[in-house]
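To start, the structure itself, in structure tokens.
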Amino acid sequence: MDISDTATKHEELRREIALRERKPAGPAATGYCLNCGPDAALPAGWRWCDTDCRDDWEARQP
Ligand SMILES: [Zn+2]
């Protein structure tokens, strides 16, 4: 891994955190992943484990 890979990873992580914090509308944080259910406990204010969970969840919404 060279330094540009590291920078890319960091950028991905930063974007992922921004995605988690965005979208104030929608479901409230429940303390666990809305996609995985009660087995996946999350820090306060998080609604999904990652963007994949969020995308899966959104895909199931009407
Ligand atoms: Zn999840």
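Descriptive notes on the structure:
- Kirkwood Rh, Cα atoms: Rg over Rh of the range 3-60: 1.03
- In the range 3-60, Cα pairs under 8 Å separated by at least six residues give a relative contact order of 28 percent.
- J(HN,Hα) series, the range 42-58, from Karplus relation 6.51 cos²θ - 1.76 cosθ + 1.60, nearest Hz, glycine and proline x: 10, x, 4, x, 8, 10, 9, 4, 7, 5, 5, 4, 4, 5, 4, 5, 4
We did not get these values from a lab; they are worked out from the coordinates using the rules stated. Since the structure is predicted, the reported quantities are computational estimates derived from the model, not experimental observations.
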